[in-house]
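Some notes on the structure that comes next.
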Amino acid sequence: MADSLAERGDGAIRALYERLGSAYAEQRWWPAETPFEVMLGAILTQNTAWTNVERALDQLRARIPLRPEPVLGLAEPVLAELIRPSGYYNVKARRLRCFCAALIEAGGEAALAAMPTEPLRHWLLAINGIGPETADDILLYAFERPVFVVDAYTRRLFRRLGMIDGDEGYERIRQQVEGAIGPDTACFNEYHALIVRHAKEVCRARTPACERCLLSRSCRQRGGE
């Protein structure tokens, strides 16, 4: 397999960020009032649209303060019903309770904030239901650590631009982007948000708007799948 990301080089990664940044206003992502709300949202957004997460968080916020202890204090069926809009609500209720219990046992947000990034990432990944993308969402947006989040939007855009073949592992893509950019939290925040914006509005999965894409000349598959 050709190593497309390495072949295109760090310059392609930085150039994409600059081109997207020139096309869109600053994204100011992630929409949340507290780091803990970011953590809840990162778990709830698994396999669903963010609008559904907002509805779930609104229902939860109307019932309890958004803190680990009140969330853990809800009976699992009650919690599941409150987060129903997010989909897979029974599974996500168990994951939220598991995460809140682990967070409290670890000493809370302050204790986690004092941990170096890699040990904190390992801690997150050890929790049931938290994979690399969710862990990196929490690291980047809740704890402001310089990590790059690789999601389905990233894979779609990078593949269509010929930057990846499509079967590269999560860590391979993450480390390549982090190496190209350097440890820049603000940049990783904005880069991820820009990719999401462009993929949702232009480089859509089934109906890409290639005719109005600023990247169309670099795209190896113009016109869709």
| Going by the conditions given, is residue 205 among the aliphatic types (A, V, I, L, M) and in a helix (DSSP H, G or I)? | no
| If residue 146 satisfies every condition in (1) within 24 Å of residue 32 (Cβ to Cβ); (2) part of a helix (DSSP H, G or I) but one, which is the exception? | (2)
| remark: Here the residues within the range 95-141 that are part of a helix (DSSP H, G or I), under 24 Å from residue 77 (Cα atoms) and open to solvent by less than 60 Å² (accessible area, probe 1.4 Å) are 96, 98, 99, 100, 101, 102, 103, 134
| said: The conditions are (1) of a type in the set (A, V, I, L, M); (2) open to solvent by 20 Å² or more (accessible area, probe 1.4 Å); (3) touching a residue at least 12 places away in the same chain (Cβ under 8 Å), and residue 163 fails exactly one of them. Which is it? | reply: (2)
| query | Which condition breaks for residue 40 when tested against (1) out of contact with any Lys or Arg (no Cβ under 9 Å at 6 or more places or on another chain); (2) surrounded by fewer than 14 Cβ atoms within 10 Å (Cβ to Cβ)? | reply | (2)
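For (1) among the polar types (S, T, N, Q); (2) surrounded by fewer than 17 Cβ atoms within 10 Å (Cβ to Cβ); (3) without any contact (Cβ under 8 Å) to a residue 24 or more places away in the chain, each residue gets a yes or a no:
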residue: 12; (1), (2), (3): no, no, no
residue: 17; (1), (2), (3): no, no, no
residue: 54; (1), (2), (3): no, yes, yes
residue: 63; (1), (2), (3): no, yes, yes
residue: 75; (1), (2), (3): no, yes, yes
residue: 86; (1), (2), (3): yes, no, no
residue: 90; (1), (2), (3): yes, yes, yes
| field | Checklist (1) within 30 Å of residue 118 (Cβ to Cβ); (2) more than 15 Å from the chain's Cα centre (by Cα) applied to residue 170, failing item | value | (2)
| query | When the range 14-43 is examined, which residues are found to be touching a Phe, Trp or Tyr at 6+ places or on another chain (Cβ under 9 Å) and farther than 27 Å from residue 181 by Cβ? | reply | 40
| Criterion violated by residue 171 - all others in (1) crowded, with 17+ Cβ neighbours inside 10 Å; (2) at pLDDT 95 or above; (3) charged (D, E, K, R) satisfied | (1)
| message | Quick check on my filter: what residues within the range 178-198 are more than 19 Å from residue 219 (Cα to Cα), open to solvent by less than 50 Å² (accessible area, probe 1.4 Å) and either of a type in the set (A, V, I, L, M) or out of contact with any Phe, Trp or Tyr (no Cβ under 9 Å at 6 or more places or on another chain) (or both)? | response | 180, 181, 182, 185, 193
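The values are calculated or read from the model by the stated rules, or taken from the named source; none is laboratory data. All values reported here derive from a predicted model rather than from experimental measurement. So basically every Cβ, Gly included, is an ideal-geometry build from the backbone, and we count neighbours across all protein chains shown. Remember, those area values only see protein heavy atoms, side chains included, never the ligands or the DNA or RNA. Shrake-Rupley method; radii C 1.70, N 1.55, O 1.52, S 1.80 Å.
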